[in-house]
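**Student:** My questions will all concern the structure given below.
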Amino acid sequence: MRDKRFNGYLRLALPHPLDAEVEAVVRAYLDGSASVRENLVNGLSGQPAAVLSAYGQRMASVAVRTGSVEALRRGIVAIGLAEGRLDDPRDNLFVLAAANDSASLIGTSLGRVIDDIQDALPPVGLRALRAFEGYRESDKSIEAMGIRRSGAGSDFLYV
């Protein structure tokens, strides 16, 4: 995920072949042993973490497009992996706002999704997700984070 192909990843058409590459990393993390998970998290730096965070926002859009809680779960795992590894820790906040909005649009809540995957998240990621979950609704809205919804159905996208 350090490859130049990922430059501008958030803005690429959805779906995109690079999504499968990032998803493979998320799945390797989820399917890995405790030591594999720890090594993956410890090996993350700014650029790969930013790609994981962008994947989280992309999966929030996919979740709304498809009504898939599973897509949102994968996205939130990626957000949790990125937490603490981003060059600017605030970069995950707008992505979390999209995930939170996505959860409500597909009939669940960010808290329920976090509950479902909490055992898979690194501790720093889980703490950050729980902290965001506790924000006032007005502070964690997409509007507060400068994000908006665009399109509908298979064209839905957080921008």
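The values are calculated or read from the model by the stated rules, or taken from the named source; none is laboratory data. Please read these numbers as outputs of a predicted model, since none were measured by experiment. Please note: Cβ atoms are built from the backbone with ideal geometry, for glycine as well, and neighbour counts cover all protein chains shown. These accessible areas exclude ligands, DNA and RNA; they are computed on the full protein's heavy atoms, side chains included. Shrake-Rupley method; radii C 1.70, N 1.55, O 1.52, S 1.80 Å.
**Student:** Only one residue in Ala128, Ala97 is assigned to a helix (DSSP H, G or I) and either under 19 Å from Leu14 (Cβ atoms) or in contact with a Pro (Cβ under 6 Å, 6 or more places away or on another chain) (or both), so which one is that?
**Tutor:** On the way: Ala128 fails: either under 19 Å from Leu14 (Cβ atoms) or in contact with a Pro (Cβ under 6 Å, 6 or more places away or on another chain) (or both).
It is Ala97.
**Student:** When both residues are 6+ apart or on different chains and their Cβ atoms are under 6 Å apart, which pairs have a first residue that lies in the stretch 115-128 and is in contact (Cβ under 8 Å) with a residue 12 or more places away in the chain, and a second that is part of a helix (DSSP H, G or I) and basic (Lys, Arg)?
**Tutor:** Close Cβ pairs (under 6 Å, with a partner that is part of a helix (DSSP H, G or I) and basic (Lys, Arg)) amount to Ile117/Arg73.
**Student:** Hey, does the stretch 120-130 have a residue that's more than 11 Å from the chain's Cα centre (by Cα), more than 27 Å from Gly151 (Cβ to Cβ), among the charged types (D, E, K, R) and open to solvent by 10 Å² or more (accessible area, probe 1.4 Å)?
**Tutor:** Scanning the stretch 120-130 turns up at least one residue that is more than 11 Å from the chain's Cα centre (by Cα), more than 27 Å from Gly151 (Cβ to Cβ), among the charged types (D, E, K, R) and open to solvent by 10 Å² or more (accessible area, probe 1.4 Å).
**Student:** For the stretch 2-23: of the residues being open to solvent by less than 60 Å² (accessible area, probe 1.4 Å) and assigned to a helix (DSSP H, G or I), which is farthest from Arg73 (Cα to Cα)?
**Tutor:** Phe6
**Student:** Test of understanding: among Ala97, Ala50, which residue is touching a residue at least 24 places away in the same chain (Cβ under 8 Å) and open to solvent by 10 Å² or more (accessible area, probe 1.4 Å)? Don't jump to the end; show me each part of the working.
**Tutor:** Values: Ala97 fails: open to solvent by 10 Å² or more (accessible area, probe 1.4 Å).
Ala50 is the lone residue from the list that is touching a residue at least 24 places away in the same chain (Cβ under 8 Å) and open to solvent by 10 Å² or more (accessible area, probe 1.4 Å).
**Student:** Can you name the condition, by its number, that Asn92 falls short on among (1) part of a helix (DSSP H, G or I); (2) open to solvent by 10 Å² or more (accessible area, probe 1.4 Å); (3) not aromatic (Phe, Trp, Tyr)?
**Tutor:** Failing condition for Asn92: (2).
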